Amino acid sequence: MEQTKLVINKAFFGKENCLKIALNSQKECYMHWGMKKDEKYEWFKIKFNDMEIAQIYDVLDGKKSQVAFFHSFNGKQRQIWINKSADGESTFFKIKEMNKSLTKGEMTVMKLLMSNIIVRMNLQ
């Protein structure tokens, strides 16, 4: 059996938080929300499909102002909100436990990664 490897793994760090996006060799895309607690990060991992990634891309690209998802994984349920700021200068990725904002530059990087992830998830 082939070992699962990360194909894309990008972290967007804040002062006390972090948002990661990752794609593995099995074409599974995950976002990880991290909060710093006692000098260590506590992570919340959520799997997204290509259609959900496309909806988030639309928020980052300014085609939508927000999108929300409800995920259930391994017995844990979580609501996710992605909202563009009114001035378009940042986007907020929220779950109950934390909120991580991305700047304009970070939004561009995330958008390009998401575009690449959608393509890779659908290639043979």
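Looking only at residues in the stretch 7-61 that are of a type in the set (Gly, Ala, Ser) and assigned to a loop (DSSP other than H, G, I, E, B), which one is farthest from LEU102 (Cα to Cα)?
Of the residues in the stretch 7-61, the ones of a type in the set (Gly, Ala, Ser) are 11, 14, 22, 25, 34, 54.
Add one more test, that the residue is assigned to a loop (DSSP other than H, G, I, E, B), and what stays is 14, 25.
Working: GLY14: 9, SER25: 26 Å.
Looking at the filtered set, the residue picked out is SER25.
If you go through the stretch 93-104 one residue at a time, do you hit one that is part of a helix (DSSP H, G or I) and over 20 Å from ILE118 (Cα atoms)?
Of all residues in the stretch 93-104, those part of a helix (DSSP H, G or I) come to 104.
Those still in the list that are over 20 Å from ILE118 (Cα atoms) too: 104.
Checked against the condition, which is being part of a helix (DSSP H, G or I) and over 20 Å from ILE118 (Cα atoms), the stretch 93-104 yields at least one hit.
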Please enumerate the residues belonging to the stretch 67-89 that are surrounded by 13 or more Cβ atoms within 10 Å (Cβ to Cβ) and either hydrophobic (A, V, I, L, M, F, W, C) or modelled with pLDDT of 95 or more (or both). VAL67, PHE69, ILE80, TRP81, ILE82, ASN83, LYS84
Contacts under 7 angstrom Cβ, first residue in the stretch 57-75 being within 22 Å of ASN116 (Cβ to Cβ), partner charged (D, E, K, R) and assigned to a helix (DSSP H, G or I), 6 or more apart: TYR57/LYS111; LEU60/LYS111; ASP61/LYS111; LYS64/ASP58; PHE69/GLU52
How about the stretch 12-42: which of its residues are under 14 Å from PHE93 (Cβ atoms) and free of Cβ contacts under 8 Å to residues at least 12 places away in the same chain? PHE13
Hey, does the stretch 47-64 have a residue that's among the basic types (Lys, Arg), buried (at least 16 other Cβ atoms within 10 Å of the Cβ) and under 11 Å from the mean Cα position of the chain (by Cα)? no
Considering every residue within the stretch 53-62, establish whether at least one is out of contact with any helix residue (DSSP H, G or I) (no Cβ under 6 Å at 6 or more places or on another chain) and of a type in the set (Phe, Trp, Tyr). no
Checked against (1) of a type in the set (Lys, Arg); (2) surrounded by fewer than 17 Cβ atoms within 10 Å (Cβ to Cβ); (3) at pLDDT 95 or above, LYS111 satisfies every condition except (2)
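The values are calculated or read from the model by the stated rules, or taken from the named source; none is laboratory data. Predicted, not measured: the structure shown is a model, and the values here were computed from it. Virtual Cβ from ideal backbone geometry, glycine too; neighbours counted across all protein chains shown.
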